[in-house]
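Peer 1: Submitted below is the structure of interest, expressed as structure tokens.
The values are calculated or read from the model by the stated rules, or taken from the named source; none is laboratory data. All of these numbers come straight from a predicted model, not from anything done at the bench. Here the Cβ positions follow ideal geometry from the backbone for every residue, glycine too, while neighbour counts run over all protein chains shown.
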Amino acid sequence: MNENNLNSVLHYIDEHIRQKIPLKTLAGIAGYSPFYFSRLFSEHMGISVTSYIRIRKLQFSLMDLLEGGKVIDTAMRYSFESHEGFTRSFTKLFGSTPKTARKYLNSYQIPPYVVPAQNRLEENVMQTAKNLTNDLHQILFAFLEQSLTECEEGRADTILLELLPDGRARIRDNGRGIRLTADHAKNQEAVNRIFSGHPVTNFEYGNLEEFDHPSLQTACSLCEELTVTVYKENTACSQDYKKGIAQHDLSCYAPKQQAGKQDTKPGMEILLLPDRDIFGNLSFSKDRILRYLQSVPNGMKYCTIQEPVIY
């Protein structure tokens, strides 16, 4: 299938996204039989035509929800057979229910359709794993860099990095964290402004180039789970994200007591789990992290790495 024909098919899907799109119609646009078209589409796009259409419908539906659409109306508008089926598919793709996304996601732009470069689809498994490993660590470094900056500016002197056995990582520093006030709404806005991103699907990620120094929003978007906790005096404020979407209002509480004393040390803690739909079971490498710290002035001085302990 040539690129022009494939672009015509993708354009047709977007133009008729609120309708049921017969395979026979798409095959006719491309000039092939439905069976042969399905095979060629999968070869060129790296995904089946039915899966591609479902993802596009969900991406368009997310935009509709943010514009005030009701969940049940949106499900019907995009030809899902039931409210439950729509919610299930939406949650599986974006990590959050439609209601949660509508309430807490600030903005979303529908990704443009892209015909993947053929050489990208032909990458061997070793090269793909190398890119994934690099991107996995770039997510961690994006958060770690914030703590290192606090140290370099004299606002912190200790960073504890824990690599946990379930694939998570925890970064805790004793810096100033995020400035919080008595205004809860402004505190929530401040935290979300720094971290809130938007979900990146596995298919969308597959069309991205290898990246370095991602923003905190992008790093958050590529985390299946991310918890941000800011410690101030006798208060801790915490926010959970899934694929860049906040899961609740900012929660503030008194920190747990440890050894009879309340933990009042200031600072910030990041607990993150990279998106396993994208990164699979890849884990963080202590050697890779050490090389990064050695490249940063005083990185080894400030940061202590605690390796996973499996019981």
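Peer 1: Tell me, yes or no, whether segment 65-72 has at least one residue that is within 22 Å of ILE21 (Cα to Cα) and charged (D, E, K, R).
Peer 2: no
Peer 1: Here's another thing I want to ask about it. Restricting attention to segment 80-108, report how many residues are in a loop (DSSP other than H, G, I, E, B), more than 19 Å from GLN19 (Cα to Cα) and without any contact (Cβ under 8 Å) to a residue 60 or more places away in the chain.
Peer 2: 1
Peer 1: Looking at segment 178-193, which of its residues are at pLDDT below 85 and either among the small types (Gly, Ala, Ser) or buried (at least 18 other Cβ atoms within 10 Å of the Cβ) (or both)?
Peer 2: LEU180, ALA182
Peer 1: Here are some residues: SER215, SER196. Which one is hydroxyl-bearing (Ser, Thr, Tyr), closer than 30 Å to TYR113 by Cβ and surrounded by fewer than 16 Cβ atoms within 10 Å (Cβ to Cβ)?
Peer 2: Exactly one residue qualifies, and that residue is SER215.
Peer 1: Spot the failing condition for PRO116; the list is (1) part of a helix (DSSP H, G or I); (2) surrounded by fewer than 17 Cβ atoms within 10 Å (Cβ to Cβ); (3) not hydrophobic (A, V, I, L, M, F, W, C), and only one is missed.
Peer 2: Here PRO116 clears every test but (1).
Peer 1: Considering only residues of segment 152-161 that are at pLDDT 95 or above and not β-branched (Val, Ile, Thr), which is farthest from THR218 (Cα to Cα)?
Peer 2: LEU160
Peer 1: Taking the conditions exactly as written (under 21 Å from the mean Cα position of the chain (by Cα), at pLDDT 85 or above, more than 20 Å from THR91 (Cβ to Cβ) and surrounded by fewer than 22 Cβ atoms within 10 Å (Cβ to Cβ)), does GLU210 satisfy them or not?
Peer 2: no
Peer 1: Continuing with this model, one more query. Restricted to segment 185-233, and to residues that are in contact with a Cys (Cβ under 6 Å, 6 or more places away or on another chain) and part of a strand (DSSP E or B), which residue is nearest to GLU150 (Cα to Cα)?
Peer 2: VAL230
Peer 1: I need a count of the residues in segment 79-94 that are over 21 Å from the mean Cα position of the chain (by Cα) and either of a type in the set (Lys, Arg) or surrounded by fewer than 19 Cβ atoms within 10 Å (Cβ to Cβ) (or both).
Peer 2: Looking only at that region, the number is 6.
Peer 1: Restrict the check to segment 1-12 and report whether at least one residue is part of a loop (DSSP other than H, G, I, E, B), at pLDDT below 95 and surrounded by 15 or more Cβ atoms within 10 Å (Cβ to Cβ).
Peer 2: Yes, there is a match, as at least one residue in segment 1-12 is part of a loop (DSSP other than H, G, I, E, B), at pLDDT below 95 and surrounded by 15 or more Cβ atoms within 10 Å (Cβ to Cβ).
Peer 1: Determine whether segment 17-33 contains at least one residue that is crowded, with 18+ Cβ neighbours inside 10 Å, in contact (Cβ under 8 Å) with a residue 60 or more places away in the chain and not polar (S, T, N, Q).
Peer 2: yes
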